[in-house]
Amino acid sequence: MKYNFDEPTDRTKIYSLKWDVEKNELPMWVADMDFKAAPQIIAAMQERLDNGTFGYSIVPDEWSEAYRNWWGRRHGFWMEKEWLIFCTGVVPAISSIVRKITTPNENVLIQTPVYNIFFNSIINNGCRVLESPLRYEDGVYEIDFTDLEEKLSDPQTTLMILCNPHNPIGKIWDRETLAHIGELCKKHHVTVIADEIHCDLTKPGLKYTPFASVSDTCREISITCIAPTKTFNLAGLQTAAVCVPDPQLRHKVWRGLNTDEVAEPNAFAMAATIAAFEQGEEWLEELRTYIWENRHMVETFVEKELPEIKVVAGEATYLLWLDCSALLTRAGGFLGITDSVALAGYIRKCTGLYLSDGLEYGESGKCFLRMNIACQSRKVADGLERLKMALAGNDRK
């Protein structure tokens, strides 16, 4: 490999959220990476830093062209320049959109288990969470379209948040599935927010399909949230985009983002985004390979050493969804533990391994844990040994 993803990084002294932990703890929870950004991005930011002035920034044409060329070339979706609106992040965008295009007490539909912050964006803006749980059988997640249509047909349901690829299960929704969702949402007058922030982190050789690219229907009813932040580990730079093809819907979104003051870039957002999309492709290809090697390491270890845990098959993201139901639903549970909250707490207390509990992602995540493997392989190996130690009832700390 040209890029060294085994290179150690120390994030303990840079005010990192992920690494704000006790000594000897190993955080494998929040979705950011422990790798340095691509050298081309660092160079672009260094050039901007060397200028020495950090006043207000504009959104230049180069920014929208970088997005357009990346999505057109890699994902077959050529966006028009006017469809794109800058935003400081996907979460601020979702929260702003919920505020702008719903009224209090309306339903916002989500497919659980799903990214936990969706719940916050809905509840904090006066709406009701309406869950359409995914069907889980034989280790595979699918959409229950009967349940989905029933809930979309409720006149109080006006908005759906679609996650593609789906966090935390790592599922890429195929074109046929997306088209069906689009038709149902149009039939029942439901707008779709498509959170596609993990779209570039697919298994090598696999691609994802942007929701808005599937059909005229999907394009007209959708608001797509995208960013370089997960792909290139730039979350702290607060940079994202919202793509809204329909002009009337776009005006509402634009007004909401500007009213909420989340539509102005910081001094480094433009340089980093443009460099990422224009110069970061080779780095990304090697990163995807490295992450999938980490995933294979986990799958092999778990199958051999932890037979009561299953790694749910995934096609995207660097997040693993661990099915602990055999462990937690056996007679008496595991040491009396019967849910993921207590299990995650026990593992952290015993060994310092910090995983996300599945209940954060909805009730259907009660027996699951989420593990972030976007780190040096030695850390993944360390995490696995800690997990084995905890489940054997041993204490590392």
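The values are calculated or read from the model by the stated rules, or taken from the named source; none is laboratory data. As the structure is a computational prediction, the values presented were derived from the model and not from experiment. Cβ placement follows ideal geometry from the backbone for every residue including glycine, while neighbour counts extend to all protein chains displayed. Quick note on the areas: whole protein, heavy atoms, side chains included, nothing else; ligands and nucleic acids left out. Shrake-Rupley method; radii C 1.70, N 1.55, O 1.52, S 1.80 Å.
With q set to 0.17, 0.21 Å⁻¹, the log10 of I(q)/I(0) for the stretch 35-160, from the Debye formula over equal scatterers at the Cα positions, is -1.07, -1.18.
Both numbers refer to the Cα atoms of the stretch 290-337; Rg and Dmax are 12.4, 39 Å. Dividing the Cα radius of gyration of the stretch 326-397 by 2.2 N^0.38 Å, with N the residue count, gives 1.09.
Measuring nothing but how far apart in sequence close Cα pairs (under 8 Å, 6+ apart) lie, relative to its length, the chain scores a relative contact order of 23 percent. First compute the accessible area of the stretch 348-397 with a 1.4 Å probe, then give the percent of it belonging to carbon and sulfur atoms. Summing carbon and sulfur atoms, their accessible area is 46 percent of the total for the stretch 348-397.
Here the average projected area of the convex hull drawn through the C-alpha atoms of the stretch 88-208 stands at 7.6 nm². Could you look at the stretch 254-312 and say what percent of its accessible area is carbon and sulfur, using a 1.4 Å probe and all protein chains? Result for the stretch 254-312: 49 percent of the exposed heavy-atom area is carbon or sulfur. Computed over the Cα atoms of the stretch 1-44, the ratio of the radius of gyration to the Kirkwood radius (Rg/Rh) comes to 1.00. Per residue, the solvent-accessible area of the chain (1.4 Å probe, heavy atoms of protein chains only, all protein chains present) comes to 43 Å². When the Cα positions of LEU130, PHE277, VAL244 are compared along the charge dipole of the chain, LEU130 comes out farthest toward the positive end, with charges on each C-beta of Lys, Arg, Asp and Glu. Highest GNM mean-square fluctuation among LEU327, LEU17, LEU162, for the chain modelled with Cα contacts below 10 Å: LEU17. Note that the stretch 156-237 shows a convex hull volume over its alpha carbon atoms of 105 Å³ per residue.
When the convex hull of its Cα atoms is viewed from all sides, the chain shows a mean projected area of 19.3 nm².
Here the stretch 122-216 exposes an accessible surface that is 47 percent carbon and sulfur, computed with a 1.4 Å probe and the other protein chains kept in place. Qualifying GluC sites (Glu not before Pro) in the stretch 172-267, where qualification requires a DSSP coil assignment and no more than 12 other C-beta atoms within 10 Å, comprise GLU261.
Between PRO210, PRO228, PRO60, the GNM of the chain built on Cα springs shorter than 10 angstrom shows PRO60 fluctuating the most. Over the stretch 1-130, Cα pairs under 8 Å with separation of 6+ residues give a relative contact order of 14 percent. Viscosity 0.890 mPa s, temperature 25 °C: give me the Stokes-Einstein translational D for the stretch 1-83 in µm²/s, with Rh taken as the Kirkwood radius over C-alpha pairs. Reported coefficient: 147 µm²/s. Measuring between alpha carbons in the structure, the pairs from LYS230/LYS304; LYS81/LYS186; LYS100/LYS187; LYS207/LYS366; LYS13/LYS36; LYS187/LYS207 lying more than 19 angstrom apart are LYS230/LYS304; LYS81/LYS186; LYS100/LYS187; LYS207/LYS366; LYS187/LYS207. Taking all C-alpha pairs of the stretch 196-257, those more than 13 Å from each other amount to 67 percent. Over all directions, the projected convex hull of the C-alpha atoms in the stretch 182-340 averages 13.6 nm² in area. For the stretch 265-397, would you read off the P(r) tail past 18 Å as a percentage of all alpha carbon pairs? Cα-Cα pairs in the stretch 265-397 separated by more than 18 Å: 59 percent. Bridge orientation summary for the chain: considering DSSP beta bridges with both residues in this region, about 55 percent are antiparallel.
Averaging the sequence gap over all C-alpha pairs within less than 8 Å and six or more residues apart, then dividing by the number of residues, gives the stretch 127-264 a relative contact order of 17 percent.
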